[in-house]
Ligand code: HEM
């Protein structure tokens, strides 16, 4: 998605013509100007699509939080992405993200322990090695595409956490993006809906085979991974059945794959465009964690989350009817001037920074600890090795109203003194990427 900066003096968006559904808004348009005008003049806005389907949009931080925190008024059971607007969600009550408490809580609680920061911290050295390999092409002074390099980054941690064979990683990366950007020309086969259906079918049959294979081999061992864990975990007083395991595998894979690369590449782009902020990072690497948080706010890789109204209700004085779809625009909430002073300034030490990049409420991203570890390792390495990035060609954006993504971010880098030698030494002495087991 293009990260545009609105002109504070101009609020001329024709709100009747706003089309937040159209993927072109995010590749070629000016989404932040549209949202800024909506926050000011139409914070709860209804859009009707040409085929009659309709949805409400909330764009202010407070309204986004109110919708996401309250599963009694706003259910996840009818799908959480605009791409399924108007249909039933076949994963309702089976996939964590498409369920409400108490079913949701029973599935989420055991998984939270496995995906906690404490269980995952031991993965940092493996992730660091992966980051060093990703950055290696910068050693020869050539152009490095942060988006293309970053696309495979999440598989290196979610793939190992889930125990998926490394040979499958590239195809799983491709299918994940096809599932969320089926209309993008790079992924579209036949029409967008066919692409979406094909990607879903392939991912479900892949995980179905993974689950069947593990059940055939039986018995948990010391190397138990996240898929084994899902097979054996107790959700309340029972185990998950086959389809529930498959849906949740799918959700964990997509959750990691379609978001983290854009936080990585988008933050690299922000550092290239704001060299003074990059300097502040290299001068004081203890700013890495807050740099990552600002990168998450700035890029807001998950652009929207949808809910459905369970009974007539009001949001900020507007009446919403039972069954209406309501979309919380995270990218807009994260620029709300009521909450973030000077929201269009990229500030790696922004404090406080209560962004909603990982959502809010009961469905707050369960992968946030893993994403934070991975991104902090990546930017600590960048702070140590790279003095400055320069944009080296046109940035390409993903055609998606859900993922605020980039397909190409070509950069060159000026390395810090001694960095090339240090990176070469680290890469030469490293063995294969270690794959630690899930610790509980
Ligand atoms: C920068 C990286 C990430 C971003 C921006 C992100 C964003 C989000 C958001 C906004 C939600 C809330 C969805 C909702 O309310 O309906 C969410 C939920 C979720 N995310 Fe992430 N995510 C990231 C990384 C990950 C990773 C690494 C994983 C896998 C380990 C993951 C797995 C999930 C799952 C399974 C849920 C559903 C949680 C639930 O329903 O309780 N995400 N994510």
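The values are calculated or read from the model by the stated rules, or taken from the named source; none is laboratory data. The structure displayed is predicted, hence computed values, not measured ones. Every residue, glycine among them, receives a Cβ derived from its backbone with ideal geometry; neighbour counts consider all protein chains shown.
Pairs meeting the criteria (first residue in segment 193-211 and part of a helix (DSSP H, G or I), second residue surrounded by fewer than 16 Cβ atoms within 10 Å (Cβ to Cβ), beta carbons under 8 Å, at least 6 apart or on different chains) are 195/189; 198/189; 206/168; 208/242; 211/242. Residue selection: residue 394 fails the criterion of being assigned to a loop (DSSP other than H, G, I, E, B) and at pLDDT below 90. Here residue 370 meets the list (1) surrounded by 22 or more Cβ atoms within 10 Å (Cβ to Cβ); (2) assigned to a loop (DSSP other than H, G, I, E, B); (3) within 8 Å of the ligand (Cβ to nearest atom) almost entirely, failing just condition (2).
The selection criterion, being farther than 29 Å from residue 160 by Cβ and within 9 Å of the ligand (Cβ to nearest atom), holds for residue 361. Residue check: residue 228 meets all listed conditions (1) within 28 Å of residue 402 (Cβ to Cβ); (2) buried (at least 19 other Cβ atoms within 10 Å of the Cβ) but one, namely (1). Picking from residues in segment 283-310 that are out of contact with any helix residue (DSSP H, G or I) (no Cβ under 9 Å at 6 or more places or on another chain) and within 19 Å of residue 89 (Cα to Cα), the one that is nearest to the ligand (Cβ to nearest atom) is 308. When 331, 359, 367 are screened for being in contact (Cβ under 8 Å) with a residue 40 or more places away in the chain and on the phi > 0 side of the Ramachandran plot, only 359 passes. Contact map, segment 232-251: residues that are at positive phi and touching a residue at least 12 places away in the same chain (Cβ under 8 Å) paired with residues that are within 13 Å of the ligand (Cβ to nearest atom) and part of a helix (DSSP H, G or I), Cβ distance under 8 Å, separation 6+ or inter-chain. Pairs shown: 236/106.
For segment 132-148, a residue qualifies if it is surrounded by fewer than 22 Cβ atoms within 10 Å (Cβ to Cβ), within 20 Å of the chain's Cα centre (by Cα) and either part of a helix (DSSP H, G or I) or within 14 Å of the ligand (Cβ to nearest atom) (or both), and the qualifying residues are 134, 148. Reported count of residues in segment 100-121, each being within 8 Å of the ligand (Cβ to nearest atom) and farther than 11 Å from residue 248 by Cα, is 2. Within segment 1-17, residues that are farther than 22 Å from residue 266 by Cβ sit with their Cβ atoms under 7 Å from residues that are part of a loop (DSSP other than H, G, I, E, B) and modelled with pLDDT of 90 or more, at 6+ positions apart or across chains, in these pairs: 15/42. Does residue 303 meet the test of being modelled with pLDDT under 95 and on the phi < 0 side of the Ramachandran plot? When the stated conditions are applied, residue 303 does not pass them. Among the residues of segment 82-99, those identified as touching a helix residue (DSSP H, G or I) at 6+ places or on another chain (Cβ under 8 Å), in a loop (DSSP other than H, G, I, E, B) and in contact (Cβ under 8 Å) with a residue 24 or more places away in the chain are 91, 94, 95. With respect to the conditions (1) out of contact with any helix residue (DSSP H, G or I) (no Cβ under 6 Å at 6 or more places or on another chain); (2) at pLDDT 95 or above; (3) closer than 19 Å to residue 357 by Cβ, residue 387 lacks only one, and its number is (3). Going residue by residue through segment 175-189, is there one that turns out to be closer than 30 Å to residue 421 by Cβ and assigned to a helix (DSSP H, G or I)? Within segment 175-189, none of the residues are closer than 30 Å to residue 421 by Cβ and assigned to a helix (DSSP H, G or I).
When 379, 389 are checked against the criterion of being away from the ligand (no atom under 16 Å from the Cβ), crowded, with 16+ Cβ neighbours inside 10 Å and within 18 Å of residue 268 (Cβ to Cβ), a single residue qualifies: 389.
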